[in-house]
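In what follows, a structure is listed as structure tokens, so that the remarks can point back to it.
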Amino acid sequence: MALLKEEFNKPYFKQLVLHLKTEKEQKKVIYPSGKLIFNAFDTTPFQKVKLVILGQDPYHGPGQAHGLSFSVPAGIAPPPSLLNIFKELQTDVGLAVPSTGDLTPWARQGVFLLNASLTVRQAEPMSHAQIGWALFTDAIIRLLSEKRENLVFMLWGKFAKDKSTLIDERKHLILKAAHPSPLSAHQGFLGCKHFSAANQYLVKNGIDPIDWQL
């Protein structure tokens, strides 16, 4: 997290922290819990990142969000987007659909499961999209692009695809597809073969592939 200290000290980040404190004082329920807000950063340190899967904001239902994009804790039913991710994994690399929606094993191998907003109010999707998180997570994506090489960025849906302007595609592989949501998965997510393409790229560059089995 040393690389992020500069961001933490910027005025926008101090405002963001103040905003969250104020909402908590107003008894608003915010997900994920405080200790899990930076779970993606804690589980996948900057120098260990091999691949980035970018989500929009955390799940907004009780018990779902734990700081990793698209992931839910063990024992929580996988939401529809995650089920479509598992379907694509099955057709792409032949893996059986897992019984858990907890993607922590991916994160430990270098899959950085980053949401563009790191918090959300209960039952209010995108409720924290405008409070400063985008400035912070854009800075993270830029840092990864500048300071690392041969990363894979999976950008699903228009929101994620727009982040490609932050990434140097001469140094990294950018994979784009429709969002895995049931509303758009059949418009180019299912059949995108991103999981096999990512591993082929990693191996070609002398990097251990991801074991997608959960």
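The values are calculated or read from the model by the stated rules, or taken from the named source; none is laboratory data. As the structure is a prediction and not an experimental result, all values here were calculated from the model. Reconstructed Cβ throughout: ideal geometry from the backbone, glycine too, with neighbour counts over all protein chains shown. What goes into the accessible areas is simple: the full protein's heavy atoms, side chains included, and nothing from ligands, DNA or RNA. Shrake-Rupley method; radii C 1.70, N 1.55, O 1.52, S 1.80 Å.
Checked against (1) open to solvent by less than 30 Å² (accessible area, probe 1.4 Å); (2) in contact (Cβ under 8 Å) with a residue 60 or more places away in the chain; (3) not small (G, A, S), L214 meets all criteria but (1). For segment 46-62, the criterion of being touching a residue at least 60 places away in the same chain (Cβ under 8 Å), surrounded by fewer than 19 Cβ atoms within 10 Å (Cβ to Cβ) and of a type in the set (D, E, K, R) is met by at least one residue. Residues in segment 150-183 that are without any contact (Cβ under 8 Å) to a residue 24 or more places away in the chain and over 18 Å from L113 (Cα atoms): T165, D168, E169, R170, L183. Among the residues of segment 180-206, those identified as under 23 Å from Q109 (Cα atoms), open to solvent by 20 Å² or more (accessible area, probe 1.4 Å) and within 19 Å of the chain's Cα centre (by Cα) are C192, K193, S196, A197, N199. Taken together, H172, H194 contain a single residue that is out of contact with any helix residue (DSSP H, G or I) (no Cβ under 7 Å at 6 or more places or on another chain) and at negative phi, which is H194. Within segment 25-42, being outside any strand (DSSP E or B) and in contact with a strand residue (DSSP E or B) (Cβ under 8 Å, 6 or more places away or on another chain) holds for K28, V29, A40.
So that you can scan it fast, the table gives a plain yes or no per residue for (1) among the charged types (D, E, K, R); (2) touching a His at 6+ places or on another chain (Cβ under 7 Å):
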site: P125; (1), (2): no, yes
site: E146; (1), (2): yes, no
site: K176; (1), (2): yes, no
site: P180; (1), (2): no, no
site: N205; (1), (2): no, no
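All conditions but one from (1) open to solvent by less than 40 Å² (accessible area, probe 1.4 Å); (2) in contact with a Phe, Trp or Tyr (Cβ under 9 Å, 6 or more places away or on another chain) apply to Y12; the one that does not is (1).
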